[in-house]
Structures are given as structure tokens and as C-alpha cells.
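I have placed the structure first, in the form of C-alpha cells, so that the comments after it can refer back to it.
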Amino acid sequence: MLKRKIIKNLVEWKENHQNNCLLLIGARQVGKTYILKTFANQYYEKVIYINFIENASYIDIFNGNLDTETIIKKMSLVVPNSLIIPGKTIIILDEIQMCENAITALKFLAQNQDFDCIASGSLLGITYNRVVSFPVGYVERLDMNSLDFEEFCWANGVDEAAIDYLKEFYINKKTVPDSIHKRMMELFKEYIVVGGMPRVVDDFVNNHNFEQVLKLQRNIIMDYKDDIVKYASINDKSKIRDCFNSIPKHLSQENKKFRYNLVNKGATSEKYKGALEWLSDAGIISFCYNLSKPEAPLEGFSKEDVFKVYMKDTGLLVSMLDDGTNLEIINGNLGIYKGAIYENIIADIFNKRGKKLYYFEYNSTLEVDFIIKYQGKITAVEVKAADNTKSKSLNSLIDNWHLEQGIKLSSKNIGSTRDKIINLPLYMSMFL
């Protein structure tokens, strides 16, 4: 069983919510159904599970009147073993994007004190289905991602106590013992290749077969493409597919700024920006915006029309590349594309820590991978795929743009190079 941090969020909601339902939202195959069933079986005496894809007839429960009494009566007739035990029951409405009326009904279900209610759905379905009346004020939203690096470590036998021990070296800025540093770098490379999709991680932990990992990942990529066909409008399908397929090409460039002419000849922002936003809404990609100045507030200085695009799961990005790329990463022989992959993994880690992504480029002569707010200070972050941690851009940014601090992430052990810049091993990005 894969241990997930989001269980704590579900428990907090159970203990503290008042007259609201929980809406668990996430991209395809990040483990929403599994985590909800695990949580429900552990914390409730009675679980009523309704999946609108597995049994489309359940949609009829929400046709007509949507008052709680009517819904419960219909449920008792259609759903097996659906007797409610007051105060000890949870109702799970899974794949709720398939039933627009059920989304509207959350307002009424939230007000019943006899049971709790959690709905779960695809980012795409919730975003693009037309809901007559969204239950504003009666729904608490919780976003779910694929496994982060710490969860991946747990799955591979590195427990919380070991992570806490490692964090002490980060806090005190002391060198990590070589054996631990080597093991953590191995795990980090494996996380890059495997990614965080639960089914893929579970298979890797049990079999350590990279060929099978690649097969599972490419199946997920095909599922994403099927979603484009299923949810996108007729006019947008080809644009979305072209944008999606162009991501590896963009990241292979020395200048990774997203350029529409790499998607298609004659492509423009006006025609294709909506396609990118569709992929972002689906939880597949994230935007990293260029800053006009590396100053606070970062959002205030971001350029909405100048950005990079990263995949939200780096393992899926690797699966879109040539056969054998995964083993090249493990063996450290990838060459120029290695930098792009390492940037992508740090973007993914920052995303899962709730950070919006920014970078800084000035006159094509200075570029720093990420600018973040860290410990109350605007901080430049440079990602290095190898041991070489020289960075003219980072030094220039510190000296000429008066940034208070910088961080270099690389395969090297922890250490300081100058007063305002510290070297951290890549795996310590999970603590930033």
C-alpha cells in the first residue's frame, strides 16, 4: 500500500468541516479513488460508494428533484447496501464529472448531518462540463497530485524518520555521509524516470523493471490523448494534440521558452494559447513565467505571454522520449537533454509544494532557472544536472540585481560557495 500525505488533509476535513462536502480534484490516474476508499474504510463504519462511470444508471438518482430526502430514497432503491448509519456514514460520489446534477446536489447533501459526502473527479470533467449551478460555499476543494519525491522515498523503504534525519543535514548545512548521499541520488534518478503515478510506482517497487514502467507510462500518455478526443471541442482537438506533442521538442532547445512556431508553422498565441490552457486545466502541464524583474511581488512582475512549459510528471515526459532514455538517465549519460529533464523534475517538485513557477531571463545573456520566495526572501535557484556547479548567471543576478540569496541544486553534496549562495544536492529540493 502506497502511503500518501493527502490522507492527513482528508482527516482534517472530517474533523473540522461544517455543512460542506469535499471535492477531490486531480489529473487522471493520480490515485483519487484508491485514496478515498482507503480513507473511508479506515475512518467510517459505513461506506456508500457510487461511481458514475462504472455504473451509469446511478446518474438517474440525480435526475429530477435534488433535495436530500429524494436523493437518499432513490439511492436506497438503486445502490446495494446503502442504509445510512447516522453519524458513521460517508457517501463517495466518484467520477462526478459524468453527472452534472450530482455536482449541483452537493449543496443539499452538505447540509445533512447524518452523513459526510466526498466527491471526486477529473480536472477536465469538472472544468469543461456545464454545471447548471455550482454549489459555491458548500464545497471545499482539495487538489491531488501524483506522488512527490518524499512519498516515492517512503514507497522505496525510506521511512519518515530517515527523511527527518536527512533534513537535519539540510537545516544545519552539514555534509551528508557519502553512503546516504549516494543512495538519495540513486532514488532521485529513479524518481525522474519512474515519476509519481501510483500504478507505475507500485509496479516499480515490486518488480524494478524499467521496461514495464515505460509500458505503463505510455499507456497513460495514450489515455491523455484519448481525453483530448473525449473532452476537447472539435476545433481544439488538433491544436491541443500538437501542443502536447511539442513539449519534448521545446525542452530540447537551449532557450526553452515556449514558441508557437515549434508547435506548428504559422501557429500564434491567439490560436493556440487556449490549447495550452486546456492541458494545464487537465493537470498535465504547468507554466513557468518569465519575470521582468526578480523582485517581489513575483506575480506582479510576471510576463503572461513569455513562459516555459513543463510536464507535471517527469516520468511521463521521459516516456515521450526515445527508447532507452530512462536507462541513460539512470547511468548519467544523457548529454544536453539531461538539463531539461532535471529542470522539469525541480519544476514538478516546486509545483507539488504549492509554488507558482517563475524564471528570469534578461537580454538573452542572463537566465536563471527558477525564482522563488524562500524563507521570506526572493531566491534564485539554478539546476545543474552534473557536478559542475559554476553559474555565471546566478553570480551576476546576486551581484547586479541585488538578490539576497541563491541556491544551486546539483549532484554534489551540500556546501557553500560564497556568502549568499549555497550548494544543495538535488534531492534536498523537497525541503525548499
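The values are calculated or read from the model by the stated rules, or taken from the named source; none is laboratory data. The model shown is predicted, which means the values in this text are computed figures rather than measured ones. A quick note on method: Cβ atoms are made from the backbone with ideal geometry, for glycine too, and the neighbour counts reach across all protein chains shown. Quick note on the areas: whole protein, heavy atoms, side chains included, nothing else; ligands and nucleic acids left out. Shrake-Rupley method; radii C 1.70, N 1.55, O 1.52, S 1.80 Å.
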- Message: Out of the strands (runs of 3 or more DSSP E) lying entirely within region 285-383, which hold 2 or more residues that are touching a strand residue (DSSP E or B) at 6+ places or on another chain (Cβ under 9 Å) and of a type in the set (Ser, Thr, Tyr)?
- Response: 285-291, 302-311, 357-362
- Item | Candidates SER122, SER133, filtered to the one that is modelled with pLDDT under 95 and open to solvent by less than 50 Å² (accessible area, probe 1.4 Å) | SER122
- Yes/no for LYS303 being under 18 Å from the mean Cα position of the chain (by Cα), under 19 Å from TYR359 (Cα atoms) and among the charged types (D, E, K, R): no
- Taking first residues from region 133-158 that are at negative phi and outside any loop (DSSP other than H, G, I, E, B) and second residues anywhere that are open to solvent by less than 30 Å² (accessible area, probe 1.4 Å) and hydroxyl-bearing (Ser, Thr, Tyr), the pairs with Cβ under 6 Å that are 6 or more apart or on different chains are PHE149/TYR191; PHE152/TYR191
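Residue-by-condition table, conditions (1) aliphatic (A, V, I, L, M); (2) under 22 Å from PHE108 (Cα atoms); (3) in contact with a Ser or Thr (Cβ under 9 Å, 6 or more places away or on another chain):
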{"site": "ASN9", "(1), (2), (3)": "no, no, no"}
{"site": "ALA27", "(1), (2), (3)": "yes, no, yes"}
{"site": "THR33", "(1), (2), (3)": "no, no, yes"}
{"site": "ASN41", "(1), (2), (3)": "no, no, no"}
{"site": "TYR44", "(1), (2), (3)": "no, yes, yes"}
{"site": "ASN51", "(1), (2), (3)": "no, yes, yes"}
- Task: Could you check how many residues of region 1-38 are without any contact (Cβ under 8 Å) to a residue 40 or more places away in the chain and open to solvent by less than 70 Å² (accessible area, probe 1.4 Å)?
- Result: 3
- Task: State whether the residues of region 182-194 include one that is open to solvent by less than 70 Å² (accessible area, probe 1.4 Å), under 30 Å from TYR58 (Cβ atoms) and among the acidic types (Asp, Glu).
- Result: no
- Task: Among the residues of region 39-60, write down those that are surrounded by 13 or more Cβ atoms within 10 Å (Cβ to Cβ) and part of a helix (DSSP H, G or I).
- Result: PHE39, ALA40, TYR43, TYR58, ILE59
- Query: Counting only residues that are modelled with pLDDT of 95 or more, among the hydrophobic types (A, V, I, L, M, F, W, C), touching a Lys or Arg at 6+ places or on another chain (Cβ under 9 Å) and farther than 15 Å from MET311 by Cα, how many does region 337-371 have?
  - Reply: 2
- Note on the structure: How many residues of region 258-284 are touching a Leu at 6+ places or on another chain (Cβ under 7 Å) and either assigned to a loop (DSSP other than H, G, I, E, B) or crowded, with 20+ Cβ neighbours inside 10 Å (or both)? The answer is 2
